[in-house]
Amino acid sequence: MMLKDKIAIVTGGRQGIGQGIALALAQEGCRVVVSDLDQADCQKVVTEIEKMGGEALAVKCDVSKKAEIDDLIAQTLKKFGRLDIMINNAGIFPFQAFADLNEEDWDKVLNINLKSVFLGSQAAAKVMPNGGRIVSTSSVAASLGFSGLTHYCASKGGVSAFTRALALELADRQITVNAVAPGATDTPGINQGLDEQAKKQTVAAIPLHRLATPDDIAQTVVFLASDKAAYITGQTIVVDGGWMLR
């Protein structure tokens, strides 16, 4: 129970990696606020946590809007009294050729994937005690290029760069700021974005010969959120089965 009685927010927590993170945090004794655009889906994750004997809260939130992030923090404080861990996980990766991108498409991805990390981190840091944890979801796309995902690659590169800079600003308060960079992960998003042939080609390029599971990513997040990682800050930890080594 590395996180017993800690309070955490997980954005994008209704499915995929976010759901895996919420469940893994709860398994370590954390009380979890599950946040996403769909309140009903968030409540399903909360119910699963409660069946495990944990405590959780579902909060509908559009992470690209400051007012809704502020409300998310306020509801967390009202329910649990404090905030120890902020997990900025919400993100989208719609495949789209660069030539077809318009300003609205670009802004939507950057707002959800990058602006939300700024808003969530700033709001969380204002109410965190000394020794808090901020962990954001970056991607191997922060370092690699992927055709059809120029907006996504730009957003995740921004998450990793933001993480490094914010770690310096919050170090005096012993708030660590880190990111995880998942490789290809078995989630609803990737299953919608890649056909079976593309998934087979991706798996073939991964030295461990499988896609990551949400729990593979979540366990790294749990570590970074715990006291075991108290001396790690400003880092982006790659969790990709060796994919980038290729």
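The values are calculated or read from the model by the stated rules, or taken from the named source; none is laboratory data. On a predicted model such as this, the values are computed, not experimentally measured, just so you know. Please note: Cβ atoms are built from the backbone with ideal geometry, for glycine as well, and neighbour counts cover all protein chains shown.
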- Would you point out which residue out of ALA171, ALA161, ALA167, ALA181 is in a helix (DSSP H, G or I) and closer than 30 Å to GLU103 by Cβ? ALA161
- Message: Any residue that is of a type in the set (A, V, I, L, M) and touching a His at 6+ places or on another chain (Cβ under 9 Å) - is there at least one of those in segment 6-29?
- Response: no
- Task: Test GLY29 against the criterion of being free of Cβ contacts under 8 Å to residues at least 40 places away in the same chain, among the small types (Gly, Ala, Ser), at positive phi and not in a helix (DSSP H, G or I), and give yes or no.
- Result: yes
- Message: Return the residues of segment 120-156 that are part of a helix (DSSP H, G or I) and hydrophobic (A, V, I, L, M, F, W, C); say none if nothing qualifies.
- Response: ALA123, ALA124, ALA125, VAL127, VAL140, ALA141, ALA142, CYS153, ALA154
- Task: Specify which of the listed residues (ALA124, ALA58) is farther than 13 Å from VAL34 by Cα and small (Gly, Ala, Ser).
- Result: ALA124
- Task: Starting from segment 55-70, take each residue that is at pLDDT 95 or above and list its partners that are outside any helix (DSSP H, G or I) and of a type outside the set (A, V, I, L, M), counting only C-beta distances under 6 angstrom and pairs at least six apart or across chains.
- Result: GLU55/ARG31; VAL59/SER35; CYS61/SER35; VAL63/THR11; GLU68/CYS61; GLU68/ASP62
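Yes/no matrix, rows are residues, columns are (1) among the small types (Gly, Ala, Ser); (2) assigned to a helix (DSSP H, G or I); (3) farther than 20 Å from SER155 by Cα:
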position: ALA22; (1), (2), (3): yes, yes, yes
position: VAL34; (1), (2), (3): no, no, yes
position: GLN43; (1), (2), (3): no, yes, yes
position: GLY54; (1), (2), (3): yes, no, yes
position: GLU68; (1), (2), (3): no, yes, yes
position: LYS78; (1), (2), (3): no, yes, yes
position: ALA99; (1), (2), (3): yes, yes, no
position: ILE112; (1), (2), (3): no, yes, no
position: PHE118; (1), (2), (3): no, yes, no
- Determine whether GLN174 is without any contact (Cβ under 8 Å) to a residue 24 or more places away in the chain, out of contact with any Asp or Glu (no Cβ under 9 Å at 6 or more places or on another chain) and surrounded by fewer than 19 Cβ atoms within 10 Å (Cβ to Cβ). no
- Residue in segment 144-171 that is farthest from GLY242 (Cα to Cα), counting only those that are among the aromatic types (Phe, Trp, Tyr) and in contact (Cβ under 8 Å) with a residue 12 or more places away in the chain: PHE162
